Amino acid sequence: QVQLVESGGGLVQPGGSLRLSCVTSGIMFRIYDMGWYRQAPGKQRELVAQITRYTITNYADSVKDRFTISRDNAKNTAYLQMNNLKPEDTAVYYCNAKKMISDYWGQGTQVTVSS
């Protein structure tokens, strides 16, 4: 059974930081491309950051220079370090694992940026 479990979300003030974790099980993690997506109320889900199995990264323009995606193949875990958070970063953040036609999602973790 494939599981992706996100953690690390919460309430933070503008300018603050959070680190999200996505622990996976049931997949050969090292051969999957990993991604973080987010969905704000009333908006479509959007890509935040991706890291391929070869550790090539890609970021949405809105988070470049603030967010960093990484992976630890030994721990079957992907991370999203989020710095200088802004109110517009408020959303539910989802972890995604993708390999060809295999596409798995976590349940999401809420990030709220507010003073």
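The values are calculated or read from the model by the stated rules, or taken from the named source; none is laboratory data. Fair warning: this is a prediction, and the values are worked out from it, not measured in the lab. Note: ideal-geometry Cβ built from the backbone for every residue, glycine included; neighbour counts use all protein chains shown. We work out accessible area using only protein heavy atoms, side chains counted, and drop any ligands, DNA or RNA first. Shrake-Rupley method; radii C 1.70, N 1.55, O 1.52, S 1.80 Å.
Listing for the model above:
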{"read-out": "For SER115: the one exception among (1) part of a strand (DSSP E or B); (2) surrounded by fewer than 17 Cβ atoms within 10 Å (Cβ to Cβ)", "value": "(1)"}
{"read-out": "Candidate set from region 6-19 (those that are more than 12 Å from ASN83 (Cβ to Cβ) and under 16 Å from the mean Cα position of the chain (by Cα)); member that is most open to solvent (accessible area, probe 1.4 Å)", "value": "SER7"}
{"read-out": "Extreme residue, least open to solvent (accessible area, probe 1.4 Å), among residues of region 67-85 that are in a loop (DSSP other than H, G, I, E, B) and either among the basic types (Lys, Arg) or over 12 Å from TYR32 (Cβ atoms) (or both)", "value": "LEU85"}
{"read-out": "All positions within region 61-92 that are under 15 Å from the mean Cα position of the chain (by Cα), closer than 21 Å to MET28 by Cα and of a type in the set (A, V, I, L, M, F, W, C)", "value": "ILE69, ALA78, LEU80"}
{"read-out": "Among the candidates PRO41, PRO87, PRO14, residue that is modelled with pLDDT under 95 and either at negative phi or of a type in the set (Phe, Trp, Tyr) (or both)", "value": "PRO41"}
{"read-out": "Some residue of region 25-35 being modelled with pLDDT of 95 or more, within 14 Å of LEU80 (Cβ to Cβ) and among the aromatic types (Phe, Trp, Tyr)", "value": "no"}
{"read-out": "Number of the condition not met by GLU88 [criteria: (1) over 15 Å from GLY35 (Cβ atoms); (2) surrounded by 20 or more Cβ atoms within 10 Å (Cβ to Cβ)]", "value": "(2)"}
{"read-out": "Scope region 93-112; condition within 27 Å of ILE31 (Cβ to Cβ), in contact with a Gly (Cβ under 9 Å, 6 or more places away or on another chain) and open to solvent by 30 Å² or more (accessible area, probe 1.4 Å); matching residues", "value": "TYR94, LYS98, TYR104"}
{"read-out": "Selection status of THR55, closer than 17 Å to SER21 by Cα and surrounded by 14 or more Cβ atoms within 10 Å (Cβ to Cβ)", "value": "no"}
{"read-out": "In region 20-48, the residues that are in contact with a strand residue (DSSP E or B) (Cβ under 7 Å, 6 or more places away or on another chain), more than 15 Å from TRP105 (Cβ to Cβ) and either among the small types (Gly, Ala, Ser) or buried (at least 16 other Cβ atoms within 10 Å of the Cβ) (or both)", "value": "SER21, ALA40"}
